[in-house]
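Read through the structure below, which is laid out as structure tokens, and then see the notes.
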Amino acid sequence: MPASFLVIYMTPEQATRHESGLEFLRPSEHFSNLGRRSGSRCFGQLLNYPQFTTLEQMRDMATRLDSVTLRRIYYSDTPMDREDGRIPGLREDKRRFATVSNSSDRVYAYVSKDYTPVNDLDAFSPLMDVAQENGLKLIGRFDGVGTGLTRGHVIFANPEFRVRLLEDYDDDIMLGVRMTNSYDLSASVRMDVFGVRRVCINYNLWGRALGYIWEPHMFGAHENLQDKVREFLNSIVKKSSILSVQAQRALETEVLTMEIPDLLWAIDLPIGGIDGLSANPMAYNPDIEGMGLNMWTLDNGVTAYLTWGRPKGAQYYETSMEYALAATQLLSSEHDALLEKGREACERYRERMKNRDGEKQTVRVVKYDSG
């Protein structure tokens with residue numbers, strides 16, 4: 001495996017530390033087989049090919065991110081094919097502007113006069129500045145540049161950002177920040193925490209459990225962003241005990257095999273994942289044999305499915321992230337409440353399928369007067 005790869009597979013006996021500062025234990029063979037069977041590559045490839053492994057490289061990459069300019073919009077209030085052949089006059093739209101990419105000249109959206117764009121560099125520079133202040137080692141990449149929705153993933157290689165969720169198990173999580181900025185009105189400036197399990201490279205999202213940042217594109221929105229990022233990063237490790245509490249509680253919450261479908265319906269997992277995990281949960285998490293079937297091992301089975309087992313999951317990682325975020329309910333929600341939610345979701349789905357099948361079978365005869 002080339003040295004430029006971020007994910008370095010290591011056996012527990014190997015003490016060599018990769019120059020990036022990241023160490024991953026070799027996934028068991030069943031994970032590799034799982035990926036081959038599904039035709040999917042590890043979802044962890046988000047960080048397999050890092051664009052930067054130093055802060056300096058990240059700053060260099062950031063200068064090539066997207067930015068936009070607000071341009072006036074003109075419209076015609078008369079038909080273009082006037083009888084006299086004259087070109088109709090244009091009027092300026094006083095209420096809206098167009099957000100236009102400075103790199104591609106692509107129009108991303110039409111926005112109100114109150115909209116003030118926060119460019120990618122302005123959105124992500126505060127993280128780099130705070131990282132420099134605190135000597136943080138940042139490793140990751142940017143994706144979606146030029147599409148109107150820029151996504152960044154940064155893992156902290158510093159040891160203090162490595163968390164052991166369960167005290168009795170050698171299963172550390174490496175923490176990082178997921179960053180989003182959009183010009184197409186699909187999202188604002190957003191940062192939240194994600195993690196990658198060292199033992200199996202499963203990707204985890206925790207939503208707002210460890211805090212988050214959300215800033216709309218409005219005048220002055222990014223002026224205090226650096227202070228907010230500084231507070232956000234300083235709180236991540238302090239709040240990581242929240243994850244440990246959730247993990248321990250989930251470990252102690254037993255799950256019956258017959259309950260798996262309802263729990264997975266509750267988190268809106270794809271049908272293929274629900275069927276596969278329900279039929280053979282140990283195929284996605286062999287730890288179930290030693291740790292039992294509980295909310296913790298089921299959650300790890302779900303993240304394994306999203307990381308390794310979902311066909312093209314790495315390719316369509318926006319939806320994979322949505323599923324990963326929804327899966328946090330297995331750790332944060334009450335067992336019985338999830339069961340009830342899942343039963344209702346399954347019932348609604350079956351009713352929709354029943355109605356759809358009924359519509360397909362209905363033959364409608366339209367009578368008409370042939371005379």
For Asn294, list long-range residues whose amide hydrogen, built 1.01 Å from N in the peptide plane, is under 5 Å from its own amide hydrogen.
Val255
Do any of Lys228/Lys341; Lys113/Lys137; Lys137/Lys239 go past 30 Å between their Cα atoms, and which?
Lys228/Lys341; Lys113/Lys137
Residue-wise HN-Hα coupling along region 125-130, computed from phi with Karplus coefficients 6.51, -1.76, 1.60 (Hz; x: Gly, Pro):
4, x, 5, 5, 5, 5
Kindly put Met218, Met128, Met191 in sequence by how many other C-beta atoms sit within 10 Å of each C-beta, fewest to most.
Met218, Met128, Met191
Amide H to amide H, which residues 5 or more places from Ala109 or on other chains are under 5 Å from it, using H placed in the peptide plane?
Thr99
Sort Phe232, Phe219, Phe156 so the one with the fewest other Cβ atoms within 10 Å of its own Cβ comes first.
Phe219, Phe232, Phe156
Name the shape class, rounded, prolate or oblate, that the alpha-carbon gyration tensor gives for region 232-362, where a ≥ b ≥ c are the square roots of its eigenvalues, rounded holds for a/c under 1.5, and otherwise prolate holds if a/b is larger than b/c and oblate otherwise.
prolate
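Values quoted throughout were computed directly from the atomic coordinates according to the rules given, and no laboratory measurement underlies them. Being a predicted model, the structure only gives us computed values, none of them experimental. We place every Cβ from the backbone using ideal geometry, glycine too, and count neighbours over all the protein chains shown.
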